[in-house]
Amino acid sequence: MDLAFLSNSGILLLECKQIGGRLRFHSGPAELRKVDEEGRTLAVYDCPVAQMQDQRQNLLQWLTMAGFRSPVYGVVVFANNPIIEEIKSGMPVFKLRETRNLIRHHIGQQPMINDRELNQIADAMISHYIPYLPFPLKIKDFIITPICFDCSSSLKRHSERSWKCIRCGHIEYKPYILTLLAWFLLLRNTITSAEIMKLFGLKTHKAARSVAEGLPLKKVGAGKASAYAADYKKLVSTSIVLDAVQTWLEHNRQTKDQYGSLKDHQPAAKDH
C-alpha cells in the first residue's frame, strides 16, 4: 500500500502513480496503456485500479483476521497530471490536485468507528508492518556485467577508462554504482575485491577498494577472506544511490519510448 488514511469514517487507500503522458485504461485484460498523439502504444502497465482493489481486499481480510471491523475505500491518484483519454465512468481515478477535496469528503462521511477503535487499528497496523526488502533475489541463471546507463544493456571494455554499450553504443566511464547495485540485488549482499576486479577489469585491489568506497558498504572479514557487505536499508536511503537510480529511471523512460512497448510486471510496486 502506498498510503492508508485512517479516520472515523473508515480507511481510505491511496494508490499513487507517477506515470505521465497520454493514458488509456483498457479492459480485457485490465491494463493501462501509454500512447502517443497518433494513438500508438508506447508502454503497457498493470491496471492501477485492479491493483488498488486487490490491496483493498487484502486489507479487509487482514482487518477481519485481526478482529476489527471498518469500511475500506480505495482510489488511484496520478501525481504527474497525465492526459487520461479513455476511462469508464465511476472509476476511482483522480489527479493530484483533487486529493485534498477527496480527503475532505472522506472525513465528512458518517462515522463508522469511534476514536478508541481507530487508535487500536492504527496501532495494530504499525505493529504488523514489515518493510518489503526482498533482496537479494538469488537468481541462478544470469550474467553480471557493467550496465549501460541509457538502455540497461551490457557494457564491454572500450579502452583503459571506458566501456561501450553493445546495444546503443553509449560510452560510459563510471558504470560502478548501478552495476554493484545489480550485484547486490540479484546475487548476494557481499562482494570481494577479487570479484570487483573481475567485474570491471581492474588490475589492483586498491582500485577495487576505491570502487567499493563509492557505496555505503561495510568491510567484513580479514585478509583474503575479507569482503564488502551491503546494508539494503542504507542503500535505499543514500543520496548517491537515489541520484543514480533517478537518473537511470529518466533514461529508462526515454528508452521505453525509443525501443517500443514494455510491460510493467511489478505487482504492488511503486513506479520507480
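The values are calculated or read from the model by the stated rules, or taken from the named source; none is laboratory data. Quick caveat: nothing in here was measured; it's all calculated off a predicted structure. FYI the Cβ positions are ideal-geometry reconstructions off the backbone, even for glycines, and counts take in every protein chain you see.
Assorted remarks:
- The single residue among Gly20, Gly67, Gly10, Gly74 that is surrounded by fewer than 13 Cβ atoms within 10 Å (Cβ to Cβ), in the same structural domain as Gln110 (by TED's automatic domain parsing) and not β-branched (Val, Ile, Thr) turns out to be Gly67.
- For segment 215-239, filtering for residues that are within 25 Å of Thr204 (Cβ to Cβ) and within 17 Å of the chain's Cα centre (by Cα) leaves 0.
- Condition met for Leu199 (closer than 29 Å to Pro131 by Cβ and in contact with a Phe, Trp or Tyr (Cβ under 9 Å, 6 or more places away or on another chain)): yes
- Test: residue in segment 156-178 that is of a type outside the set (Phe, Trp, Tyr), in contact with a strand residue (DSSP E or B) (Cβ under 8 Å, 6 or more places away or on another chain) and assigned to a helix (DSSP H, G or I): yes
- Once segment 143-167 is narrowed to residues that are of a type outside the set (Asp, Glu) and in contact (Cβ under 8 Å) with a residue 60 or more places away in the chain, the residue that is surrounded by the fewest Cβ atoms within 10 Å (Cβ to Cβ) is Ser152.
- Test for Leu178: is it touching a residue at least 60 places away in the same chain (Cβ under 8 Å) and surrounded by 18 or more Cβ atoms within 10 Å (Cβ to Cβ): yes
- Failed criterion for Leu202 (all others in (1) under 23 Å from Leu249 (Cα atoms); (2) part of a loop (DSSP other than H, G, I, E, B) hold): (1)
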